[in-house]
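Structure record follows, encoded as structure tokens.
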Amino acid sequence: MLEEESSGTRKLFGSLAEIIDCLQSGNLMVADELDAKLHPKLLRYIIELFTNPKVNKHGAQLLLTSHDMTTMIPAVYRRDEIWFCALNSSNASTIYSLIAFKKENGKSPRKDESYGKQYIEGRYGADPYLRRILDWEV
């Protein structure tokens with residue numbers, strides 16, 4: 001019975017029909033926090049279904065939000081496919097692409113950099129509350 005399965009397995013089975021339909025029809029699939037409850041390797045496999053032209057014969061696209069850093073690597077995403085969302089000083093959301101991000105030297109991140117590691121280090125922003133939480137600021 002499905003209710004006896006893990007939440008990740010239930011999520012996968014709940015998403016499979018949409019994934020298959022999207023790939024077969026060439027549509028856009030939008031998934032909020034697709035990584036939640038899924039093993040990182042399974043998330044990567046789903047992403048690779050959309051980037052593999054032998055599987056994705058009709059040009060389907062996957063737009064997802066994720067907090068999973070293991071897929072934030074050049075082998076999974078190009079730099080223009082990674083976008084960040086952050087609050088600005090007016091508390092309005094701002095989105096920006098990794099490729100548009102400029103380092104202190106004025107250059108964009110290289111194709112071979114460890115994007116997930118650098119994101120965790122705070123190099124790309126998009127973590128406005130973390131410092132306040134750690135410093136106990138209001």
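Summary of values
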read-out	value
Enumeration of residues in segment 50-79 that are assigned to a helix (DSSP H, G or I) and open to solvent by less than 70 Å² (accessible area, probe 1.4 Å)	PHE50, ARG79
Pairs where the first residue, in segment 21-33, is at pLDDT 95 or above and the second is among the aliphatic types (A, V, I, L, M) and open to solvent by 90 Å² or more (accessible area, probe 1.4 Å), C-beta under 6 Å, 6+ apart	VAL30/LEU63
Residues of segment 1-41 classified as farther than 18 Å from LYS57 by Cβ, open to solvent by less than 90 Å² (accessible area, probe 1.4 Å) and part of a loop (DSSP other than H, G, I, E, B), total	7
Of the criteria (1) touching a residue at least 12 places away in the same chain (Cβ under 8 Å); (2) within 30 Å of LYS107 (Cβ to Cβ), which one ALA75 fails	(1)
Matching option when the condition is polar (S, T, N, Q) and modelled with pLDDT under 90, among ASN56, ASN105	ASN105
Pairs with Cβ under 6 Å, 6+ apart, first in segment 49-69 and under 16 Å from LEU12 (Cα atoms) and among the charged types (D, E, K, R), second open to solvent by less than 40 Å² (accessible area, probe 1.4 Å) and at pLDDT 95 or above	none
Answer from ILE47, ILE95 - the residue that is loosely packed, with under 12 Cβ neighbours inside 10 Å, out of contact with any helix residue (DSSP H, G or I) (no Cβ under 7 Å at 6 or more places or on another chain), of a type in the set (A, V, I, L, M, F, W, C) and not in a loop (DSSP other than H, G, I, E, B)	ILE95
Residue list for segment 81-92, filter: on the phi < 0 side of the Ramachandran plot and either open to solvent by 70 Å² or more (accessible area, probe 1.4 Å) or under 12 Å from the mean Cα position of the chain (by Cα) (or both)	GLU81, ILE82, TRP83, PHE84, CYS85, SER89, SER90
Residues of segment 48-81 satisfying the condition of being more than 25 Å from ARG123 (Cβ to Cβ) and touching a Ser or Thr at 6+ places or on another chain (Cβ under 9 Å)	HIS58, ALA60, LEU62
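The values are calculated or read from the model by the stated rules, or taken from the named source; none is laboratory data. Remember, it's a predicted structure, so these values are computed and weren't measured experimentally. Cβ atoms come from the backbone with ideal geometry, glycine included; neighbour counts cover every protein chain shown. SASA here: full protein model, heavy atoms, side chains in, ligands and nucleic acids out. Shrake-Rupley method; radii C 1.70, N 1.55, O 1.52, S 1.80 Å.
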